[in-house]
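The next block holds one structure in the form of structure tokens; read it before the comments.
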Amino acid sequence: MEENNGNIRFLSVISYIGILFVIGHFAVEKNNPDLRFHTFQGGILFAFFTFAYFCDFLLYLLLSFVPELRFILILLVTIGISTVYVLLAAMGMYHAARYEQRLLPFVGRTAVTLRTKLENR
């Protein structure tokens with residue numbers, strides 16, 4: 001069966017939108033190398049930023065004794081995390097739409113290393 005390039009492109013692009021990377025893992029074309037690359041990198045991106053938001057929440061709880069500082073600091077940290085997430089996701093979507101396998105900053109090498117270790121088991 002011939003694979004649909006438009007479907008692979010679509011699935012690769014949505015891999016960078018939050019939890020939607022999971023769709024690529026269950027798609028018919030899941031063995032396509034481009035799709036596997038982008039779904040795995042999108043999953044690592046999602047995991048990193050889920051952890052970052054969790055740390056942001058813990059910082060919010062730790063600063064409960066200084067409400068004025070807490071509001072300003074948490075606002076700035078949350079805006080920073082969100083901005084970096086949107087920029088990295090946009091970069092990933094751009095490269096996925098162009099059928100390029102480019103590593104994202106901060107996330108790409110971790111994704112490749114983890115994927116290689118999992119595949120060599």
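The values are calculated or read from the model by the stated rules, or taken from the named source; none is laboratory data. Because the structure is predicted, anything quoted here is derived from the model rather than measured. Please note: Cβ atoms are built from the backbone with ideal geometry, for glycine as well, and neighbour counts cover all protein chains shown.
Residues in segment 66-121 that are of a type in the set (S, T, N, Q), assigned to a helix (DSSP H, G or I) and modelled with pLDDT under 90: 110, 113, 116.
Screening residue 28 with (1) part of a helix (DSSP H, G or I); (2) within 15 Å of residue 11 (Cβ to Cβ); (3) of a type in the set (Val, Ile, Thr) gives one miss only, at (1).
Screening residue 22 on (1) surrounded by 12 or more Cβ atoms within 10 Å (Cβ to Cβ); (2) outside any helix (DSSP H, G or I) shows it passes everything except condition (2).
Per the listing 70, 102, the residue uniquely out of contact with any Phe, Trp or Tyr (no Cβ under 6 Å at 6 or more places or on another chain), free of Cβ contacts under 8 Å to residues at least 60 places away in the same chain and surrounded by fewer than 16 Cβ atoms within 10 Å (Cβ to Cβ) is 102. Looking only at residues of segment 2-19 that are in contact with a helix residue (DSSP H, G or I) (Cβ under 8 Å, 6 or more places away or on another chain) and crowded, with 16+ Cβ neighbours inside 10 Å, we find that the one that is farthest from residue 71 (Cα to Cα) is 8. None of 35, 61 is surrounded by fewer than 16 Cβ atoms within 10 Å (Cβ to Cβ), more than 12 Å from the chain's Cα centre (by Cα) and modelled with pLDDT under 95 except 61.
Can you tell me which residue within segment 19-44, out of those that are hydrophobic (A, V, I, L, M, F, W, C) and in contact with a Leu (Cβ under 6 Å, 6 or more places away or on another chain), is farthest from residue 107 (Cα to Cα)?
Step one: filter segment 19-44 for residues hydrophobic (A, V, I, L, M, F, W, C), giving 19-23, 26-28, 35, 37, 40, 44.
Still in the list and also in contact with a Leu (Cβ under 6 Å, 6 or more places away or on another chain): 27, 35.
On the way: 27: 23, 35: 17 Å.
Out of the qualifying residues, it is 27.
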